1. From the residues in region 166-191 that are modelled with pLDDT of 95 or more and open to solvent by 50 Å² or more (accessible area, probe 1.4 Å), which one is farthest from P663 (Cα to Cα)?
2. Give V684, V670 a once-over and let me know the one that is of a type in the set (V, I, T), open to solvent by less than 30 Å² (accessible area, probe 1.4 Å) and within 23 Å of the chain's Cα centre (by Cα).
3. Hey, could you check region 415-426 for residues that are assigned to a helix (DSSP H, G or I) and touching a helix residue (DSSP H, G or I) at 6+ places or on another chain (Cβ under 7 Å) and say which is most open to solvent (accessible area, probe 1.4 Å)?
4. Pull up region 457-471, narrow it to residues that are in a helix (DSSP H, G or I) and out of contact with any strand residue (DSSP E or B) (no Cβ under 7 Å at 6 or more places or on another chain), then point me to the one that is most open to solvent (accessible area, probe 1.4 Å).
5. Going by the structure shown, is T526 of a type outside the set (D, E), exposed (fewer than 13 other Cβ atoms within 10 Å of the Cβ) and on the phi < 0 side of the Ramachandran plot?
6. Kindly indicate which of F154, F215 is at positive phi and open to solvent by less than 20 Å² (accessible area, probe 1.4 Å).
7. Among the residues of region 234-255, which ones are of a type in the set (A, V, I, L, M, F, W, C) and within 38 Å of the chain's Cα centre (by Cα)?
8. Search region 383-396 for residues that are in contact (Cβ under 8 Å) with a residue 40 or more places away in the chain and pair each with any residue that is basic (K, R) and open to solvent by less than 50 Å² (accessible area, probe 1.4 Å) when their beta-carbon atoms are under 7 Å apart and the residues are at least 6 apart or on different chains.
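The values are calculated or read from the model by the stated rules, or taken from the named source; none is laboratory data. Predicted, not measured: the structure shown is a model, and the values here were computed from it. Cβ sites come from the backbone with ideal geometry, for glycine too, and all protein chains shown count toward neighbours. We work out accessible area using only protein heavy atoms, side chains counted, and drop any ligands, DNA or RNA first. Shrake-Rupley method; radii C 1.70, N 1.55, O 1.52, S 1.80 Å.
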Amino acid sequence: MMPARMLAALVAALCTALPASLTAQQFPSTPPAAAPLKPAHFPPFAETTLPNGMRLVLVESHAHPVVSLSLSLPAGNAYDPAGQEGLAAMEAGLLTKGTGTRSADQIAATIEGVGGSLAATTTDDFMTIRADVLSASAPLAFTLMADVVMHPTFPDQEIALLRKQTLSALQLELSQPASLASRFFAKTLYGQNPYGRNPLPASVRAITRTDLVAFQRARLRPTGALLVIAGDITLPAAKRLATRSFAGWTGAPAAAPPFPAPPTRAATQIVLVHRPGSVQSNIVVGNTTFRPTDPRWYAATVANRVLGGGFDNRLFRILREQKSWTYDAHSVLARPKGIGYFQAGTEVRTSATDSALTELMVQLRRMDSEPVSAAELKAAKSSLVGSFPLTIETAQQVAGAVAQAKLLGLPADYLQTYRTRLAAVTPAQLEQAADAIIRPNASLIVVVGDGAKLYDKLSKIAPVILVDAQGKPLTPADLVAKGGMLDLDLAAITAHRDSFAVMVQGRPLGYVLSSVAKTADGYTYTENTQIATALKQTTEVTLDDKMQPRHLKASGMVQGQATQTDVTVAAGHATGSVTAPTPQGMKTTTVDLQVPPGTLEDNSIQMVLPALHWTKGAHFSLSVLTANKNTVIPMTLQVTGQDSLTVPAGTFPVYQAELTGGPQPITFFVEAAPPHRVVKYAIVGTPIEVVLVK
């Protein structure tokens, strides 16, 4: 490769040799005029119905030697029985994990051996099984797809593995503010409509193999199923392969009651989800819209593109570029089979939450009251029209697009005319559609953030309903940590040492050494932590004989930067300072606040756990001093299950307990029998686990 200095010299020489008239020219200041709109080429497709009632649609194209199959059934998440949310998703995850003639490994090896893929997923309305192969392997794709749909065996070991993975993913999801905002928005917007439901750990644990088998027999039936095939295959061949592969598959899915209508909303309402200590707020604003076949969809799509559907939209320009409140602001127009929804959202720092929400509502009202400029309308339509061909480039994309159009009951020429219909949207049509989908004076607003800092400010914008992250109603008084002495078995606090290994994605990358020592008038808790070269810290907490903190001292290095903590608690008052890393760099926080009686110190929570009264379903309310945030926050420790856990120190019957309310949820596994040692703990949302070694 030519050295950089030589390349620079060559460029300079060329520029010198060019005529002055050329070197003076710059890039064009305006884009070229758009070319005349041409219809997107979409291969013709044919439709037939197989003897068992399954519809088959073929989009034939011999441009490439590939075939994509997409089988969709009315068996989506909305069909989960109450209390078993997550059933359809688990069903989809297990279809490819074993049949009567093939194990999970055999299925994977067979499809991967021909360079193909086979997977099942769910949406609110449908379960879809997809297979992609080279056209020479089309018979195999049909055979495998039929086998996993008709003969799944749901092996116990695969159920256990998927349940564990699902619960782990749920832990992460429930710890993320954006996920909480989405969940509360759906639940409040749709009410009793199944679109408002989401899986919870309890509902996933309630799913049994019997439930999976029953769901398969009731909902995975050919009548009402849609098989879309795209690619290098003819209709006679596709029909022959489908008829042969799905032979013996008969019946219709069990009748499902109609979904209840979402609740109506006459005025704007704020649901504030209290997340103590959160430094940012997630804001979601929206409302229900209409069914997917509504003719206003084209104009609504353009309106959404103007407001928040791209990186040059109004919300992005104003909230990010002009106000510098956020990295992103956007809006979404969802199109399920039933009633859809419009949603606009952003994430901002806590101090800017009320300002950002106020400006967001201003922009929603602009869409509702001001005509969109000719330039904005033209840019939005050009973007949508120009990008559509990119969404139907591959056989898989074509199959997906056709399947969606058919499943939603859209017109037969929907895909062929989509671009021309978008291009034909008029200002009047856009304004009418915006009025229908954006209703700022009757919107649902969900804010996930620190309620103690947000409640009063948000109450000036609209009425506020206050809840915790689990949906439990709160009052403003609940936002203040009240303290109160815990009922502790102090005899359980004995002098001891524990050694833990820090595991990151199953690999040992550090250690935690902790010790408890009794003093003449209390206790001393010491902890030494090292994680590779990223973190090294020594912490010492001095407590009185009632486990109340007296002094917190810590020092160490985080990513090469020194940290220091020195905080004293006396007469119910904490003073001192904390120097620690933040997303904005190292920061020194001055600690000066009242500490209610009964407050624990967050570094020593692990030391206190053996003194709690552990029982099935136990619930502990904690008041916790978090020095690095100069605050006392309420936390909850909830026993969520019992299990047997094997760690390097041995195998222990344990209680699993979730500590929530802090910046990051923590899962503790505590020995079920005295002395109730902490056997393992994990920081939700990270790959870090800390396991007892001795």
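1. Looking at the filtered set, the residue picked out is K187.
2. Details: V670 fails: within 23 Å of the chain's Cα centre (by Cα).
Of the residues listed, the single one that is of a type in the set (V, I, T), open to solvent by less than 30 Å² (accessible area, probe 1.4 Å) and within 23 Å of the chain's Cα centre (by Cα) is V684.
3. Initial filter on region 415-426 (assigned to a helix (DSSP H, G or I)): 415-423.
From the residues that got through so far, the ones that are touching a helix residue (DSSP H, G or I) at 6+ places or on another chain (Cβ under 7 Å) too are 415, 418-419, 421-423.
Numbers: L415: 17, Y418: 31, R419: 35, R421: 104, L422: 1, A423: 41 Å².
Residue satisfying both the conditions and the ranking: R421.
4. From region 457-471, those in a helix (DSSP H, G or I) are 457-459; that's our starting set.
Next, only the ones that are out of contact with any strand residue (DSSP E or B) (no Cβ under 7 Å at 6 or more places or on another chain) stay: 457, 459.
Details: K457: 87, S459: 51 Å².
Only one residue tops the list, namely K457.
5. Working: of a type outside the set (D, E): yes; exposed (fewer than 13 other Cβ atoms within 10 Å of the Cβ): no; on the phi < 0 side of the Ramachandran plot: yes.
Against the criterion (of a type outside the set (D, E), exposed (fewer than 13 other Cβ atoms within 10 Å of the Cβ) and on the phi < 0 side of the Ramachandran plot), T526 does not qualify.
6. Being at positive phi and open to solvent by less than 20 Å² (accessible area, probe 1.4 Å) holds for just one of F154, F215, which is F154.
7. Start the filter on region 234-255 by keeping residues that are of a type in the set (A, V, I, L, M, F, W, C), which leaves 235, 237-238, 241-242, 246-247, 249, 252, 254-255.
Those that are of a type in the set (A, V, I, L, M, F, W, C) and within 38 Å of the chain's Cα centre (by Cα): A238, A242, F246, W249, A252, A254, A255.
8. Every condition considered, the pairs that remain are S383/R305; L384/R305; V385/R419; F388/R419.
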